[in-house]
Amino acid sequence: MSASDPRQTPPLTFDRRTGRLGGASLTERFAAFAMKAGARLTEPIWHRGFSIGCKILSIALDGREAVVDLNEDARFAFPFGDGYWSVLFDARYVYEAELERFLMNVVDVDYTFVDCGANYGLWSVLVTSKPFGAHRAIAIEASSRNAVKCRRNAEINGGRFAVRHQAIGEAAGGVARLSGRKHEAFTIAAGDDAVFCEEVGVISLDSLIDDGTLKQDGRFVVKLDVEGVEIEALKGGRRLLDADSIILCEEHGADRTHGVTRHVLAQPGCREFVLDPRTGRFEEVREPAFLDRIKTNHAVGYNVFVTKSPFWTERLRSAPPVVR
């Protein structure tokens, strides 16, 4: 372990169920309170400005590890003061609520979770936990730095999911250039003016069948958050989509042409659903224009649910509406 490794000292801990903060100095307690307040205040504007506040607070912090208890069987680690994940200090905050709602509605289903663009592995941690059904999971992350954090989260949860340092693309083989300034927004899709980070090997969704990682007769939930290469990734997952699969795919709010949805609806047999805030239900998207009123913020991504499977279609349709 290097001298800069935060695990040399015990981590700061936070239990979202009880609100208890452990192992924190007075300065760190103030910072955690400020992060909670900042998350609460910026929630109506999709947390714009929150990361700036964290950056200011981080000047007084040593960057040691924070470990958050997400539920009774899920722990999630990240650097204390991280501008993306510190929203978790607001125990009321729900990360990607539509995904949580869907996953909690299929707790009883026997499936394997494929976490593409896993970042630090939050969804792999949750899906493999008992409240979410303790499913099998594979986390795939293109950034080597993020993959280290993801492996750390697998480790503190008993090594219950695998981590692969690879990028998802249309075809397996070859190397892609990863770029970006923020760990939550690294991409292999950026142009020549992007900030280069590293080169990374590329796989396709279908190559997970070819190499024996997944069995084609299995049942799968695939989270596809790959920062601009969603269509390429879908093209590389035709056989997986023909299997008993559902792909949770990001449609970015800035894309007013709804390019991912246009691609999906052009594929024979493909159906797409989205959580409609008006009805509180997963509604079928029959034409791209349906998303005009769903994608109200140009700065964030919206999850759409893509499948050819009658089983997954029925599970989406039968999900109870959100109670407001």
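Among 267, 216, 166, the residue with the largest mean-square fluctuation in a Gaussian network model of the chain, with springs joining Cα atoms closer than 10 Å, is 267. Model label sites at residue 257 and residue 145, defined 7 Å from Cα along the beta-carbon direction, differ in position by 3.2 nm.
So for 108, 69, 82, 210, fewest C-beta neighbours within 10 Å to most, what's the order? Kindly include the intermediate steps, with their values, before the conclusion.
Working: 108 7, 69 18, 82 21, 210 13.
With the fewest neighbours first, 108, 69, 82, 210 line up as 108, 210, 69, 82.
Here the Gaussian network model covers the chain, with springs between Cα atoms less than 10 Å apart; of 110, 211, 90, 211 fluctuates the most. Relative intensity of region 55-157 on a log10 scale, I(q)/I(0) at q = 0.10, 0.14, 0.15, 0.22 Å⁻¹, equals -0.28, -0.55, -0.63, -1.27, per a Debye sum over C-alpha point scatterers of equal strength in the absence of solvent.
Compared with the dominant Cα axis of the chain, that is its longest principal axis, helix 144-156 is turned about 80°.
For the chain, adding -39500 (n - 2.57) for each run of n ≥ 4 DSSP H residues and dividing by the number of residues yields -7000 deg cm²/dmol at 222 nm. Quick one: Cα centre-to-centre distance for region 147-188 and region 1-80, in angstrom? Centre-to-centre (Cα) distance: 22 Å.
Computed from Cα atoms, the angle from the helix 26-42 axis to the main principal axis of the chain rounds to 30 degrees. Extension gain for residue 231-residue 296 works out to 21.2 nm (0.36 nm per residue, less the C-alpha to C-alpha distance).
For the chain, taking Cα atoms only, Rg and Dmax work out to 19.4, 59 Å respectively. Highest mobility in the GNM of the chain, judged by mean-square fluctuation with C-alpha springs under 10 Å and restricted to 248, 291, 41, is found for 41.
Gain on full extension, evaluated as 0.36 nm per residue between residue 56 and residue 34 minus their Cα-Cα distance, stands at 6.8 nm.
Read-outs throughout are calculated quantities, based only on the coordinates presented, and are distinct from any laboratory measurement. All figures in this text were calculated on a predicted structure; none of them were measured in a lab. Glycine gets a Cβ as well: all are built from the backbone with ideal geometry, and neighbour counts include every protein chain shown.
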